[in-house]
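As structure tokens, the structure follows; a few thoughts come after it.
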Amino acid sequence: VYALLGIYLAAAKSVPLVPRFQHSMEIFAGQLCVFGGKSTTVGVSLSDFLLDYRCVDVTNRIDQKRPNWKLQSSASRFAMPPIAQHSSVYDRANHIIVPYGGQVPSTFSQANHLAVYCSQFQAWGASNIVDADPRRYVHTAVLQEKSSDMIIFGGASDETTDNSQNP
């Protein structure tokens, strides 16, 4: 069960996509959206992380040289968390995208919750973690559609995931 707080209307601006590494992508509502990541392949300071998400319409032909990426804004008081080397799954039944795990900035403390994105309301929210494994990076996640359970495979945990235990 996901609970979203502070929902308002969101707007999208057309902007060029900056190079981005260690992100995740999901397709929903005819759009390919990129979430999180970093502007560099090294470093874990907050300035290395990209705190936005952008989408491009995939229902029409995409200009390969100049795709029309649109910067999305959250319709809630929550925003895209600073994460990289994470995974994400899209729960079509509940209209929820869940970015999971990943590296976080060295100054960022991950609380016991997940940031979730509701594609229906175009808003970020938070959900409590129930029976979750430790945060990790360089892993894969899949979703069981009937139960909406997310299953995590592989990965590693260290100080960049705010968790020194190995999975």
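The values are calculated or read from the model by the stated rules, or taken from the named source; none is laboratory data. None of the values given here were measured: they were computed from a predicted structure. Methodologically, a virtual Cβ is constructed for each residue, glycine included, from the backbone with ideal geometry; neighbour enumeration extends over all protein chains shown. In case anyone asks, the SASA skips ligands and DNA or RNA and just uses the protein heavy atoms, side chains included. Shrake-Rupley method; radii C 1.70, N 1.55, O 1.52, S 1.80 Å.
A few comments on the model shown:
- Accessible surface for Phe49 stands near 10 Å², nearest 10, in the context of the full protein assembly shown (1.4 Å probe).
- Taking all protein chains as shown and a probe of 1.4 angstrom, Asp57 keeps an accessible surface of around 70 Å².
- Under 12 Å, Cβ to Cβ, from Ala29 - net charge with Lys/Arg +1 and Asp/Glu -1: -1
- Placing pseudo-labels 7 Å out from each Cα toward the beta carbon at Asn60 and Leu46 gives an inter-label distance of 3.8 nm.
- Summarising the amide proton neighbourhood of Leu50: residues at separation of 5 or more, or on other chains, whose placed amide H is nearer than 5 Å comprise Gly37, Lys38, Ser39.
- Interchain or long-range residues, amide H under 5 Å from Phe28's placed H: Cys33
- The label point for Gln144 and the one for Ser39, both projected 7 Å from the Cα toward the Cβ, are 4.2 nm apart.
- Built amide H within the under 5 Å cut-off of Asp158, gap 5+: Asn163
- Cα-only radius of gyration and Dmax that characterise the range 21-96, units Å: 13.3, 37
- Accessible area, probe 1.4 Å, largest first, for residues Lys70, Lys65: Lys65, Lys70
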